[in-house]
């Protein structure tokens, strides 16, 4: 009989025998590095950092000296490179990066696997082009900021939207107009009115800031393109790290679940943590709390619409192998969830 998730986590945290400990929970791993980007999608990790939840769950499993370094990098490209080079143990990236890393490494000594979802949250495209009511009205002069061209989930959703609008063969029609810029810098460029950036495909809280500014309006929402809620961030590691350190991976998963429960139960306290760690001085705690409790957001570890992104990459030829299901991309710790 398949174990449910809680039993799997418990096994990872406490079920290793003494011989197994030497093989799976290496004594030399006393520090892990977890990478993230900028914005509200990384709130669960900020809660984990502020409340030291990974350390808490690791200590419960017999790893009391584990420490965590939290690294903020701009865009999935930098995070992907850090994971592949071994400079970091966990990264939080979008579904397209998960699929790309899975295929790139599946036959290598260090195959990449996802640990869990981080949340479901939309991407919103904001423009200062007054005549554009949709992407169809963007001109060739409109430059679109995304975290990383072609790789980021925003870039992929834009391609999906282009395929729907102009036909499957024209999925890359707007690619030449995209530029790789981190969300904070892209927002500053958009709001300045001086930079070549006229449009920004972004996440909360940045689209809230932008839409509150005169002359800005939204022309695309990812939920409308993919057919509903989708995973925005996914926690990723490597299969060898999981096999060598199941207790650590189980502790990270348990920390995510506790962080999500904390956010659901105490959104204002979560807002305080975000304001502190993100150094957000633009918003009141009331406004941040409203963003966190937005019905469009689901703070969950369940993977959502992973195969929608993966199938699109396969259809456009950038993914040669289509996984049989979302579970092929993920470690077994979450296989009992109702993902997609």
| remark: Matching residues in the range 292-316 (touching a strand residue (DSSP E or B) at 6+ places or on another chain (Cβ under 6 Å) and not in a loop (DSSP other than H, G, I, E, B)) number 1
| request: Report the residue count in the range 34-54 for those that are at pLDDT 95 or above and out of contact with any helix residue (DSSP H, G or I) (no Cβ under 8 Å at 6 or more places or on another chain). | output: 1
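Filter the range 157-177 down to the residues that are in contact with a strand residue (DSSP E or B) (Cβ under 9 Å, 6 or more places away or on another chain) and assigned to a helix (DSSP H, G or I), then identify the one that is surrounded by the fewest Cβ atoms within 10 Å (Cβ to Cβ). Outline the logic, then answer.
Here is the first cut: in the range 157-177, the residues in contact with a strand residue (DSSP E or B) (Cβ under 9 Å, 6 or more places away or on another chain) are 157-158, 161, 174, 177.
Filter again for assigned to a helix (DSSP H, G or I), leaving 157-158, 161, 177.
On the way: 157: 29, 158: 29, 161: 25, 177: 18.
That would be 177.
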| Here is a list of conditions, (1) at pLDDT 95 or above; (2) not in a loop (DSSP other than H, G, I, E, B), and residue 97 meets all of them except one; can you say which number that is? | (1)
| field | Where residue 241 falls short, out of the listed (1) in a loop (DSSP other than H, G, I, E, B); (2) not assigned by TED's automatic domain parsing to the domain that holds residue 136 | value | (1)
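Residue under question is residue 322, and the condition is that it be more than 17 Å from the chain's Cα centre (by Cα), at pLDDT 95 or above and outside any helix (DSSP H, G or I); does it hold?
For residue 322, the condition - more than 17 Å from the chain's Cα centre (by Cα), at pLDDT 95 or above and outside any helix (DSSP H, G or I) - is met.
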| Is the range 130-146 home to any residue that is assigned to a helix (DSSP H, G or I), touching a helix residue (DSSP H, G or I) at 6+ places or on another chain (Cβ under 9 Å) and not assigned by TED's automatic domain parsing to the domain that holds residue 252? | yes
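Residues are listed down the side, and each one gets a yes or a no for (1) more than 17 Å from the chain's Cα centre (by Cα); (2) in the same structural domain as residue 70 (by TED's automatic domain parsing); (3) not in a loop (DSSP other than H, G, I, E, B):
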{"residue": "199", "(1), (2), (3)": "yes, no, yes"}
{"residue": "208", "(1), (2), (3)": "yes, no, yes"}
{"residue": "213", "(1), (2), (3)": "yes, no, no"}
{"residue": "259", "(1), (2), (3)": "no, yes, yes"}
{"residue": "264", "(1), (2), (3)": "yes, yes, yes"}
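The values are calculated or read from the model by the stated rules, or taken from the named source; none is laboratory data. All figures in this text were calculated on a predicted structure; none of them were measured in a lab. Glycine gets a Cβ as well: all are built from the backbone with ideal geometry, and neighbour counts include every protein chain shown.
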